[in-house]
2 protein chains.
Amino acid sequence: MKRNQVTAQDVARHAGVSRVSVSRTFTPGASVSAKTRELVLKSAAELGYQVNHLARSLHSANSGIVALIASEVETPHRAEMLSVMTEVFQSAGKVTLLINTNGSDASVKDALMQAIRFRTETAVVLSGTPDQSIAEACQSNGIKLVLINRADEIDNALHILPDNDSVGEIALNALLNAGCETIALANSDTQTASILARERSFLKAAQARGIAVRRCTSGLTTYASGLEIGTDLFSRGVRPDGVFCTTDLIACGVMDVARQRFGMQIPQDLSVIGFDDIAQAGWEAYQLTTFRQPIEKISQACLDWSLESGEEGGKITVPVRLVLRESLRRPAS
Amino acid sequence: MKRNQVTAQDVARHAGVSRVSVSRTFTPGASVSAKTRELVLKSAAELGYQVNHLARSLHSANSGIVALIASEVETPHRAEMLSVMTEVFQSAGKVTLLINTNGSDASVKDALMQAIRFRTETAVVLSGTPDQSIAEACQSNGIKLVLINRADEIDNALHILPDNDSVGEIALNALLNAGCETIALANSDTQTASILARERSFLKAAQARGIAVRRCTSGLTTYASGLEIGTDLFSRGVRPDGVFCTTDLIACGVMDVARQRFGMQIPQDLSVIGFDDIAQAGWEAYQLTTFRQPIEKISQACLDWSLESGEEGGKITVPVRLVLRESLRRPAS
DNA sequence: CTGTTAGCGCGTTCAA
DNA sequence: TTGAACGCGCTAACAG
C-alpha cells in the first residue's frame with residue numbers, strides 16, 4: 001500500500017538520465033553538466049517533483065524541522081511569538097512543527113516525544129516544563145532544546161528570558177512619577193517563572209522604598225481574570241490609583257471593569273501598566289502603557305543557537321522596553 | 001557527518017534481541033512475545049528511543065504530517081483557527097507543519113512546495129490562492145488539498161466555507177430590528193472570497209428591500225482600517241446608525257473611533273455587527289454582536305476528509321450563527 | 001514467535 | 001562528469 005508520489009527515479013526515466021544525476025541537480029555544490037541539469041529541471045517541473053526531505057534527512061545530520069511547543073496558541077502574545085518564530089525559521093529554510101500542549105508536564109513530555117520521533121533539529125518550548133529525563137532523551141537524539149521564559153535550569157539547554165528583574169523598578173518608578181499613591185499589583189495565580197519574577201521584582205522595588213503594595217491575584221492569565229481582579233481591587237478597601245498588571249490581558253480586564261463597573265477614568269483615576277505589548281494594548285480603547293520584549297531578537301537567538309554546532313547550553317537575558325501610552329497619567333511637572 | 005541519534009539497532013543490541021523485534025513492538029498489531037516486548041520497552045526507555053517517523057514514512061502511505069498554510073497568524077481569528085486545527089489533528093495522532101505566508105500567490109506556492117517536500121498527507125490552505133499547476137503537483141504527490149474560505153475552485157480539493165450568502169440577510173434584519181435607519185457597510189479593500197461574499201449578500205439583501213447602504217472600504221482587514229473607515233463614515237455625510245463590518249477587527253476599530261473621536265454611544269447612537277467572534281468581541285469594551293463560524297466543525301471536517309481514502313474533492317458549506325451582545329440596540333417592542 | 005532478506009527514496013562513496 | 005553500489009532507519013515478506 002504505497003503512497004502515490006513522484007520520485008527521483010521517475011524524473012530520471014523521464015529525462016533519460018540516471019537517478020543520481022537527479023539527486024545531484026538538487027544537491028547544492030554537486031557536479032552536474034549544465035545540459036543534464038536543464039533536462040532534469042525540465043522533467044522535474046513537468047512531473048511536479050520535489051525532493052523528499054523525509055528521505056533526505058536519513059542521510060544528513062539535519063532534518064530541517066524545528067518544533068515549537070506551546071499552549072494557548074490563540075492568545076495574542078503567544079500567537080505573535082509563534083508567528084515571528086515561524087517566519088524567522090522559515091527564512092533560514094527550516095520548517096516548523098507546531099505542537100499544541102495544555103501546559104501540563106505530561107503534555108510537554110508528549111510534545112517532546114513527537115519532536116524526537118520526527119527528528120526535529122531543535123525544540124523550542126514556550127509553555128510548561130520538561131523534566132530532566134525527557135530532556136536527556138532529546139539530547140540522546142541530537143535534539144537541541146530551547147526554553148523561552150522558563151526558569152527551570154535544564155542542562156545543555158538554551159534559556160532565553162526577558163530581564164524580569166529590571167521590570168519591577170521601572171514599573172514602580174513609572175507609577176510613582178505619574179503621581180500614584182496607592183499602588184497595587186494584579187497577577188494571575190499561574191506560577192509561571194517569568195510572571196513570578198515580574199511580581200517579585202515589583203514587590204522588591206516597593207519594599208526597598210517602603211511603599212506598601214496591595215497584591216491581588218486570581219485565576220489564569222486571561223482577560224477574565226483581569227475582570228475578577230479588578231472587581232476585587234476596586235470594591236474592597238482603599239481604591240488603588242496605580243496598578244501594575246503582569247500581563248496585558250489582565251490589564252485589559254482590569255481597565256474594562258474599572259471603567260464600566262466602577263466609573264473610573266483612566267488615567268485620571270487610575271494608572272495602569274501591563275506586560276507583553278499585545279496588539280490590543282495599542283487599540284484606542286486601551287492605549288496601554290506596557291513592556292515589550294524583543295520578539296524578533298529572541299527568535300533570532302533561537303535560530304542562531306540552533307544553527308551553530310556547539311552544544312553547550314546557556315542563558316540569554318533580553319532587555320524589555322516600556323512602551324509609553326495613555327494609560328499612565330503624565331507627570332504633573 | 002551523521003546525526004547522533006538512538007536507533008532501533010541500538011535498542012536491539014541493548015536488549016539482546018534482533019532489530020526487527022524492536023520494530024515489531026512499536027508496530028500495532030505485530031506479533032511479539034510479551035517477554036521480548038518487555039525487554040525492548042525497557043531498553044527503549046533507558047536509551048530514550050523513539051521510532052523515527054521520518055524513516056517509517058518511507059514505507060507507509062502516511063507520513064503523519066499535515067500542513068497548515070496561513071498568513072497573518074498572529075491575528076485573533078486566524079490564531080484561534082490554527083489552535084483548534086492543530087488540536088484536532090493532534091488528537092488523531094497527526095502532527096502539524098505551520099507554514100507562514102504573506103498571502104501572495106508566490107508564497108502560497110512556496111508553502112505547497114514545502115508541503116510536497118515533507119510529504120504532507122494533506123495541506124490546509126487558509127490564506128492565498130494556489131494556482132492549478134501547484135495543485136496538480138500536490139495531487140501527483142498524493143497530497144490532499146483543503147481550501148478554507150477560498151472561492152476558487154480547485155479540482156479534487158475540498159472547499160470549506162461558511163454560508164456567507166445567508167449572512168447579509170441576517171445582519172440586515174438584525175440592524176433593522178434594532179431600529180436602524182441609516183445603514184452602512186464597512187469593509188476592507190482586500191478581495192478575499194468570503195469577505196466579498198459577505199458584502200455581496202448584505203448589499204443584495206438591502207437592494208431587495210429598497211434600502212440604501214453606504215459602502216465604505218479601506219486598507220487591509222485590520223483594526224487600523226476600522227479606524228479609517230469609521231472616521232470616514234462619521235465625518236462625512238449623514239451619520240449611519242447601523243453598520244455591518246465584514247470582520248470583528250474592523251468592527252472594533254469602527255466602534256473605538258465612533259466613541260472616542262465622535263462621542264457616539266453604542267448601541268444608543270450606533271448599532272454594530274461584526275464577523276468572526278474573536279475573543280475581543282466578548283470583552284466588556286466591545287460586547288460586539290457578531291457571527292461565529294463553527295471552527296471545531298470545520299477542523300473536524302478537514303480531518304475526516306484527510307483520513308478517508310476517497311480522493312474526490314467537494315464543497316462543504318458550514319452554517320454561521322449570530323452571537324447577540326450589547327452592540328446592537330434592543331428592539332423597541 | 002523469531003530472525004533473515006529486501007526495499008522505501010535519497011546522498012555519498014568509488015570507478016569509469 | 002556520470003553511473004553502479006552501498007547505507008541511512010525503518011517496515012513488510014519470507015523462511016525457520
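The values are calculated or read from the model by the stated rules, or taken from the named source; none is laboratory data. Values in this document were obtained by computation on a predicted structure and should not be read as measured data. Positions of Cβ are backbone-derived with ideal geometry, glycine not excepted, and every protein chain shown enters the neighbour counts.
Looking at B:25, B:75, just one residue is among the hydroxyl-bearing types (Ser, Thr, Tyr), more than 10 Å from every other protein chain (Cβ to nearest Cβ) and surrounded by 20 or more Cβ atoms within 10 Å (Cβ to Cβ), and that residue is B:25. The set of residues from region B:235-265 being at the interface with chain A (Cβ under 10 Å from one of its Cβ atoms), touching a Ser or Thr at 6+ places or on another chain (Cβ under 8 Å) and not aliphatic (A, V, I, L, M) comprises B:253, B:261.
Taking region A:236-265 as the range and being assigned to a loop (DSSP other than H, G, I, E, B) and buried (at least 20 other Cβ atoms within 10 Å of the Cβ) as the test, the residues that pass are A:240, A:241, A:246, A:247.
Filter the strands (runs of 3 or more DSSP E) completely within region A:270-333 down to those with at least 1 residues that are among the aliphatic types (A, V, I, L, M).
Working: elements: A:271-275, A:289-292, A:314-318, A:321-323.
Counting at least 1 such residues, we get A:271-275, A:314-318, A:321-323.
Being buried (at least 20 other Cβ atoms within 10 Å of the Cβ) and either more than 7 Å from chain A (Cβ to nearest Cβ) or at negative phi (or both) is the requirement here; does residue B:11 meet it? Yes. State whether the residues of region A:55-62 include one that is within 16 Å of DNA strand C (Cβ to nearest atom), modelled with pLDDT of 90 or more and aliphatic (A, V, I, L, M). The answer is yes, given that some residue of region A:55-62 is within 16 Å of DNA strand C (Cβ to nearest atom), modelled with pLDDT of 90 or more and aliphatic (A, V, I, L, M). Within region A:64-87, the set of residues being part of a strand (DSSP E or B), closer than 14 Å to residue B:87 by Cβ and not polar (S, T, N, Q) comprises A:69, A:70. Taking the criterion of being within 16 Å of DNA strand C (Cβ to nearest atom) and part of a helix (DSSP H, G or I), the residues of region B:38-54 that qualify are B:38, B:39, B:40, B:41, B:42, B:43, B:44, B:53, B:54.
Rundown of residues vs (1) at positive phi; (2) aromatic (Phe, Trp, Tyr); (3) within 13 Å of chain A (Cβ to nearest Cβ), yes/no style:
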| residue | (1), (2), (3) |
| --- | --- |
| B:128 | yes, no, no |
| B:135 | no, no, yes |
| B:144 | no, no, yes |
| B:155 | no, no, no |
| B:172 | no, no, no |
| B:183 | no, no, no |
| B:186 | no, no, no |
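Taken over region A:13-32, residues that are in a loop (DSSP other than H, G, I, E, B) and either within 10 Å of DNA strand C (Cβ to nearest atom) or modelled with pLDDT of 90 or more (or both) amount to 9.
Taking residue A:35, is it closer than 29 Å to residue B:132 by Cα, of a type in the set (Lys, Arg), in a helix (DSSP H, G or I) and in contact with a helix residue (DSSP H, G or I) (Cβ under 8 Å, 6 or more places away or on another chain)? Give the derivation first.
Numbers: closer than 29 Å to residue B:132 by Cα: yes; of a type in the set (Lys, Arg): yes; in a helix (DSSP H, G or I): yes; in contact with a helix residue (DSSP H, G or I) (Cβ under 8 Å, 6 or more places away or on another chain): no.
For residue A:35, the condition - closer than 29 Å to residue B:132 by Cα, of a type in the set (Lys, Arg), in a helix (DSSP H, G or I) and in contact with a helix residue (DSSP H, G or I) (Cβ under 8 Å, 6 or more places away or on another chain) - is not met.
Of all residues in region B:33-57, those that are facing chain A (nearest Cβ under 9 Å) and more than 9 Å from DNA strand D (Cβ to nearest atom) have Cβ atoms under 7 Å from Cβ atoms of residues that are assigned to a helix (DSSP H, G or I) and charged (D, E, K, R), 6 or more apart or on another chain, in B:47/B:10; B:48/A:136. Evaluation of residue B:70 against the conditions (1) of a type in the set (A, V, I, L, M); (2) touching a helix residue (DSSP H, G or I) at 6+ places or on another chain (Cβ under 7 Å); (3) within 11 Å of chain A (Cβ to nearest Cβ); (4) farther than 30 Å from residue B:129 by Cβ shows that the sole unmet condition is (4).
Take the residues in region A:90-116 that are in contact with a helix residue (DSSP H, G or I) (Cβ under 6 Å, 6 or more places away or on another chain) and in a helix (DSSP H, G or I), then tell me which one is nearest to the other protein chains (Cβ to nearest Cβ). Ranking the candidates gives A:112 first.
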